[in-house]
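**Q** One structure is given below, represented as structure tokens, and several questions about it will come after.
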Amino acid sequence: MAGYNGDTGESTTIDSRQKTEKPRRYKVLMLNDNYTTMEFVIFVLESIFQKPNQEAMQIMLNVHEQGRGTAGVYTRSVAETKIDSVHRLAEKEGFPLKCTMEPQ
């Protein structure tokens, strides 16, 4: 792609073949505990992660039966924001629900 450099009056060339890397993605994992209700986990998945009810129920069962479940996959900043939202809401409601993230 060619352009014009107003400072020197010369044309410039931009290499359109240069690749930009996609940002690294992270899995947000919900961790099981013995106190957080299944209903609250479903509520969190629906409200914070925008999961439909059936998918939220399946993720909740994974958390309950396997000790953790994947709530979603996001860029680092989005994953961190969602984890923070979960922790704040859980604390407000008196639940110890925790999330973590790991590279995909």
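Every read-out reported here was derived from the displayed coordinates using simple, explicitly stated rules and does not represent laboratory data. Keep in mind that what you see is a predicted model, and the values were worked out from it rather than measured. Glycine also receives a Cβ, built like all others from the backbone with ideal geometry; neighbour counts cover every protein chain displayed.
**Q** Out of the stretch 34-64, which residues are closer than 15 Å to GLU93 by Cα, more than 15 Å from the chain's Cα centre (by Cα) and touching a residue at least 24 places away in the same chain (Cβ under 8 Å)?
**A** Across the stretch 34-64, the qualifying residues are TYR35, THR36, THR37, MET38, PHE40, VAL41.
**Q** Would you check which residues across the stretch 82-101 are exposed (fewer than 11 other Cβ atoms within 10 Å of the Cβ) and not in a helix (DSSP H, G or I) and list them?
**A** Listed by number, the list holds a single entry, GLY94.
**Q** Something else: Aliphatic (A, V, I, L, M), surrounded by 20 or more Cβ atoms within 10 Å (Cβ to Cβ), at negative phi and not in a helix (DSSP H, G or I): which single residue out of ALA56, ALA71 fits that description?
**A** ALA71
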